[in-house]
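These notes are about the structure you will find just below.
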Amino acid sequence: MPWLQELRLVDINHSVIDKDNSKPEIGQYEFVEKKYVTYQDPEVRPTWYFSWCRYVPQNNYAEFNEWNWRWKFSKVVVEDGFWPEGLAPDASGTYTNGDLILVKCPLSEYIKRRKHEIGLSEKSTKTVLDRFKNETKAAGISLDDSLIRSL
């Protein structure tokens, strides 16, 4: 089984495949031209964000269900036109790797969520820095901003 970080996601929708010699149902493709998923090129940018999610029957697929409910993730299936290179789909047409399953959520939702998370992180950093400045000032220590940045 390939390492997860070694898997590249092929964009079947923008690739040219030899349909006569390809068998998507078992993860075998013959390519005339292969295109990988990229977010840099607006012409081929997918409308999805892809990730791997834990998918374990012992806990009733709790993590996947939470991702689905909270962030609108769904399973990637063969018909979506994306293939983690080297993996064959399972009997239900999804891609699994160990106890992980390939999932997707709308790219616009992912961007909104990340923007919010980054804003919270930056706000948190500013709050901690302001608290540090106030504590040092209260202790009678005067630090200028350049010294604080270097710390």
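Every number in this text was worked out from the coordinates using simple rules, so none of it is lab data. Being a predicted model, the structure only gives us computed values, none of them experimental. Don't worry about glycine lacking a Cβ; one is built from the backbone with ideal geometry, like all the others, and counts go over all protein chains shown.
Treat the range 4-110 as a sphere of radius equal to its Kirkwood radius over Cα pairs and apply Stokes-Einstein at 4 °C in a medium of 1.567 mPa s; give the translational diffusion coefficient in µm²/s, rounded to a whole number. Intermediate results must be reported in sequence, preceding the final value.
Values: Rh = 14.5 Å.
Diffusion coefficient, whole number: 89 µm²/s.
Roughly what would the spin-label model give for N60 and D18, points 7 Å off Cα along C-beta, in nm?
Result for the modelled spin labels: 4.9 nm.
I'd like to know which of V56, V16, L107 lies farthest towards the positive end of the charge dipole of the chain, counting +1 on Cβ of Lys and Arg and -1 on Cβ of Asp and Glu.
Result: L107, furthest along the dipole toward the positive end.
Of the cross-linked pairs K23/K115; K75/K126; K35/K126; K112/K137; K104/K133; K23/K104, which ones have a Cα-Cα span greater than 32 Å in the structure shown? Can you show the working numbers first?
Numbers: K23/K115 39 Å; K75/K126 38 Å; K35/K126 42 Å; K112/K137 37 Å; K104/K133 43 Å; K23/K104 23 Å.
Long pairs (Cα-Cα over 32 Å): K23/K115; K75/K126; K35/K126; K112/K137; K104/K133.
When the chain is modelled as a GNM with alpha-carbon springs shorter than 10 Å, which of L120, L107, L87 fluctuates the most?
Comparing L120, L107, L87 in the GNM, the peak value goes to L120.
Taking the convex hull of the Cα atoms, report for the range 52-151 its projected area averaged over all directions, in nm². Can you show the working numbers first?
Numbers: hull surface 42.8 nm².
If I average the Cα hull's projected area over directions, I get 10.7 nm².
Take the Cβ-Cβ distance between R114 and L87 as r, set R0 to 35 Å, and report the resulting FRET efficiency rounded to the nearest 0.05. Don't jump to the answer; show the numbers that get you there.
On the way: r = 26 Å, r/R0 = 0.75.
With a Förster radius of 35 Å, E is 0.85.
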